[in-house]
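One structure is given below, encoded as structure tokens.
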Amino acid sequence: MKEELYQYIVNQSGSMSIPEIVIGFVAAVIIGAIIFISYRFSHTSSVYSAKFNVSLVMLTLVTTLVMSVIGNNVALSLGMVGALSIVRFRTAVKDPRDTAYIFWCIAAGICCGIGDYIVAGLGTGVIFLVMLLLGNVRNNDRYLLIVRGQEGTAAVESTVDSYFNGKAFFRVCNEDRSSVELIYEVSASVLAAAKKKHQDKDIKEMLFAINGVDSVNLVCQNDEITR
């Protein structure tokens, strides 16, 4: 009875044998660990998500499981696609690199699931080296200069243009009957050059010297986090 049950399970397990399936999952675990390390070192502490990193390893294993079940069965693959198409994900991707990591996990899982370990190993090695070289690339910080005050913006506009040598980009003007709000966008390099040119004199000091200016805010903004 035990032998018959074992033979039934083996015969129903698809085109891959049990040793092949075990080797596929071992390879998926190794590649998932490499992806885990790559994600950890390519993200700063402010945007790093440990739960998302763990989910990348699980995604590699799940994809390997799916491909092991499908094998060369075309009918089963079409049914699997139909079943998975009903899943809807609503999780927002905070970092564009996260999308690349998701596709990396899926591709690695597919390779491990079909037993193509050479492609999985070489591809993972190349992507890992590229992410080590380019993973820490950051966008230049952009600063939003927000000036609020009473009516009359000519003095504020001339001061901002003079301080930044015309390199501050005007973005928004909000007005009501008694107040006005002006928003400029300035890059980090332009802000540093302006401070150096004016001997470390801050733009806020010059704007507060203008009659009618109530508040001045300088906000650092980039694609990862606003602080």
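The values are calculated or read from the model by the stated rules, or taken from the named source; none is laboratory data. Being a predicted model, the structure only gives us computed values, none of them experimental. Virtual Cβ from ideal backbone geometry, glycine too; neighbours counted across all protein chains shown.
Given (1) in the same structural domain as residue 20 (by TED's automatic domain parsing); (2) modelled with pLDDT of 85 or more; (3) of a type in the set (Asp, Glu), where does residue 95 come up short, assuming only one miss?
Every condition holds for residue 95 apart from (2).
Restricted to the range 120-141, and to residues that are modelled with pLDDT of 85 or more and loosely packed, with under 15 Cβ neighbours inside 10 Å, which residue is nearest to residue 23 (Cα to Cα)? Working first, answer last.
Pass one, the range 120-141, residues modelled with pLDDT of 85 or more: 120-131.
This time we only want the ones that are loosely packed, with under 15 Cβ neighbours inside 10 Å, so: 122, 125-126, 129-130.
On the way: 122: 17, 125: 19, 126: 22, 129: 25, 130: 27 Å.
This residue is 122.
Can you tell me how many residues in the range 198-214 are touching a strand residue (DSSP E or B) at 6+ places or on another chain (Cβ under 8 Å) and of a type outside the set (A, V, I, L, M, F, W, C)? Talk me through it step by step, then tell me what you get.
So in the range 198-214, the residues touching a strand residue (DSSP E or B) at 6+ places or on another chain (Cβ under 8 Å) come out as 203-204, 207-208, 210, 212-214.
Checking the rest, the ones that are also of a type outside the set (A, V, I, L, M, F, W, C) come to 204, 212, 214.
Looking only at that region, the number is 3.
Restrict the check to the range 54-71 and report whether at least one residue is in a helix (DSSP H, G or I), modelled with pLDDT of 70 or more and under 14 Å from the mean Cα position of the chain (by Cα).
Yes, the range 54-71 contains at least one residue that is in a helix (DSSP H, G or I), modelled with pLDDT of 70 or more and under 14 Å from the mean Cα position of the chain (by Cα).
When the range 149-181 is examined, which residues are found to be without any contact (Cβ under 8 Å) to a residue 40 or more places away in the chain and of a type in the set (Gly, Ala, Ser)?
Of everything in the range 149-181, those that are without any contact (Cβ under 8 Å) to a residue 40 or more places away in the chain and of a type in the set (Gly, Ala, Ser) turn out to be 154, 158, 162, 166, 168, 178, 179.
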